[in-house]
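Participant: Dumping the structure here so I can ask a few things about it.
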Amino acid sequence: MIENIKLQAKTALEELFKVANLEKGDIVVVGCSTSEVMGEKVGTFSSLDVGKALVETLYPMVKEKGCYLAAQCCEHLNRSVIIEREAARLWGLERVNVKPQLHAGGAFAMSLWDTLDQPCAVERVSAAAGMDIGSVLIGMQLRQVAVPVRTSVDMIGKARLTVARTRPKFVGGERALYVDELR
């Protein structure tokens, strides 16, 4: 099952990368209920093995793009976000004092914390793209104009997958010209 979960996550992220127009330094946020991935109710069956497998898959891919992976914690930590301290400084994000645990933050956030060189927690980010694994509501962590991305993968394990990119707001009106690459 773990290898299948890794393959599903890899495929979904590759497809997101194709349309997200990410730039160096952008943030990609992932919210994940490992309980849902395992086919259980959110918050009832946290799996460190699943959290680690997803981080092992997603983190190198995001890093290779020159971007930062962020993990949204569960509601027990007010959906705070785990991210590399360098990214927090780059984006001017105020740190908060919390470290995710299995049932307060979640297995995915814990696994990312343990993987990052200098992890920290912040209250929120403004991510350029994201993956919501298990309907954990990452919308608050995305830039204002989120655009759904339909991937060939709609489940990771037994959890529903929602993927989004963002785009700049269209401003101006009927006389304005827009840059096609930013759509």
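Participant: To the nearest 10 degrees, how steeply does helix 48-64 sit against the main Cα axis of the chain, on a 0 to 90 scale?
Facilitator: It works out to around 30 degrees.
Participant: Let me ask something else about it. Given Cα pairs under 8 Å that are at least 6 residues apart, what percent is the relative contact order of the chain?
Facilitator: 28
Participant: What list do you get for Tyr59, Tyr178, Tyr68 if you sort them by fewest beta carbons within 10 Å? List each step's numbers first, then the result.
Facilitator: Details: Tyr59 19, Tyr178 11, Tyr68 25.
Final ranking by Cβ density, sparse to dense: Tyr178, Tyr59, Tyr68.
Participant: Next question. Mind counting lysine pairs for me in region 2-168? Cα separation below 21 Å, and the two need to be 8 or more apart along the chain or on different chains.
Facilitator: So the count works out to 22.
Participant: Provide the FRET efficiency to the nearest 0.05 for the Tyr178-Lys18 pair, computing r from the beta carbons and using R0 = 30 Å.
Facilitator: Rounded to the nearest 0.05, the efficiency is 0.90.
Participant: Also: Please identify every one of the GluC sites (Glu not before Pro) in region 112-183 that sits in a loop by DSSP and has no more than 13 other beta carbons within 10 Å of its own beta carbon. List each step's numbers first, then the result.
Facilitator: Numbers: sites: Glu123, Glu174, Glu181; in loops: Glu123, Glu174.
Listed in order of number, the matching sites are Glu174.
Participant: Could you tell me which trypsin sites (Lys or Arg not before Pro) in region 27-86 are loop residues by DSSP with no more than 13 other beta carbons within 10 angstrom of their beta carbon? Could you put the intermediate results ahead of the total?
Facilitator: Values: sites: Lys41, Lys52, Lys63, Lys65, Arg79, Arg85; in loops: Lys41, Lys65, Arg79.
Listed in order of number, the matching sites are Lys41.
Participant: Under a plain spin-label model, where a point goes 7 Å from the Cα along Cα-to-Cβ, how far apart in nm are Ser152 and Arg89?
Facilitator: Calculated label separation equals 4.1 nm.
Participant: Order 143-149, 24-30, 6-12 from most to least packed using the mean count of other Cβ atoms within 10 Å. Let's see the in-between values first.
Facilitator: On the way: 143-149: 13.9, 24-30: 21.1, 6-12: 18.6.
Final packing ranking: 24-30, 6-12, 143-149.
Participant: To continue, here is another question. Test of understanding: ordering Met38, Met155 by Cβ neighbours within 10 Å, fewest first, what list do you get? Intermediate results must be reported in sequence, preceding the final value.
Facilitator: Details: Met38 19, Met155 15.
Fewest-to-most ranking of Met38, Met155: Met155, Met38.
Participant: With each label point set 7 Å from Cα along the Cα-Cβ vector, what nm distance links Glu56 and Glu75?
Facilitator: 3.2
Participant: Using a Gaussian network for the chain with springs between C-alpha atoms less than 10 Å apart, which of these wobbles most: Leu161, Leu90, Leu54?
Facilitator: Highest fluctuation of the listed residues: Leu90.
No lab work stands behind these numbers, since they all come straight from the coordinates. What you are looking at is a predicted structure, and each value in this text was computed from that prediction instead of being measured. Counting neighbours? That spans all protein chains shown, and the Cβs are built from the backbone with ideal geometry, glycine included.
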